[in-house]
Amino acid sequence: MQADPQIAIYPGSFDPLTLGHDDIVRRALKLADGVLIAVAERATHAKQPMFPIDERVRMIEEVYADEPAIRVVPFSGLLVNFAREQGARLIVRGLRAVSDFEYEFQMALMNRSLWPEIEIIFMAPATSYTFLSSSLVREVASLGGDVSEFVPPTVLGCLVDRFGPDVAGL
Ligand code: ADP
């Protein structure tokens, strides 16, 4: 009998997706048969995300257009309910520093008390991405700084459309 494919859910705001996120997606793909990037409609960082949900989803779909094992889906509401609907029991989160740990640990335990069958794994990115966050990218780009080293080309294109060519170092 063949086991069901193991799908890892990678949830977040992805406002926008950075190369740090991409690093985690690729590591997760080594552990699971597929990765479902679950894009939270409401950003945790602010009332209003920089990119609306449709645009965040579209950007990420474009980044992974050639990767059949990676899917992108918007979600709202409780993550464990979404995971259950999707038939996924594995949640992946990235940990950059100790500062991420407390919140992530609380969330993990809360999610497990909401649905005991869920497992949450934390993955560390490559050292060069440990300082990288979407909020830093938003801040630097909005001030016209070059963020080309930190985001995939599709995301860079959207940031150029919004803030001008300086963000691509042009
Ligand atoms: P949230 O709003 O849920 O924090 P984010 O889009 O900011 O969503 O992040 C989604 C997940 O990716 C979180 O687990 C976060 O810790 C992780 N993450 C974000 N940036 C990086 C990075 N540079 N390296 C590793 N993990 C990261």
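Using the C-alpha atoms of the range 86-146, what convex hull volume per residue, in cubic angstrom, is computed?
In the range 86-146, the Cα hull volume divided by residue count equals 119 Å³.
Work the Kirkwood hydrodynamic radius out for the range 7-128: mean of 1/r over every pair of different alpha-carbon atoms, inverted, in Å.
Here the Kirkwood hydrodynamic radius works out to 14.6 Å.
Mind listing the long-range amide H neighbours of Val92? Cut-off is under 5 Å, sequence gap 5 or more, other chains count too, H placed in the peptide plane at 1.01 Å from N.
Ile9, Tyr10, Ile121
Quickly estimate the mean residue ellipticity at 222 nm for the chain, helices only: each DSSP H run with n ≥ 4 gives -39500 (n - 2.57), and the total goes over all residues, rounded to 500.
-12500 deg cm²/dmol
On the protein heavy atoms, probe 1.4 angstrom, tell me the percent of accessible surface of the chain carried by carbon and sulfur. List each step's numbers first, then the result.
On the way: 5020 of 9400 Å².
Here it works out to 53 percent.
Ignoring ligands, DNA and RNA, what accessible area per residue does the chain give at 1.4 Å, in Å²?
Per residue, the chain has 55 Å² of solvent-accessible surface.
Return the FRET efficiency for the residue pair Asp4, Glu104: r is the Cβ-Cβ distance, R0 is 35 Å, and the value is rounded to the nearest 0.05.
So, using R0 = 35 Å, E works out to roughly 0.85.
Can you pull the one-decimal nm distance between simple spin-label points at Glu117 and Glu139, each 7 Å off the Cα toward Cβ?
According to this spin-label approximation, the distance is 4.2 nm.
The values are calculated or read from the model by the stated rules, or taken from the named source; none is laboratory data. On a predicted model such as this, the values are computed, not experimentally measured, just so you know. Glycine also receives a Cβ, built like all others from the backbone with ideal geometry; neighbour counts cover every protein chain displayed. Side chains are part of the model used for accessible areas, which takes the heavy atoms of the whole protein and leaves out ligands, DNA and RNA. Shrake-Rupley method; radii C 1.70, N 1.55, O 1.52, S 1.80 Å.
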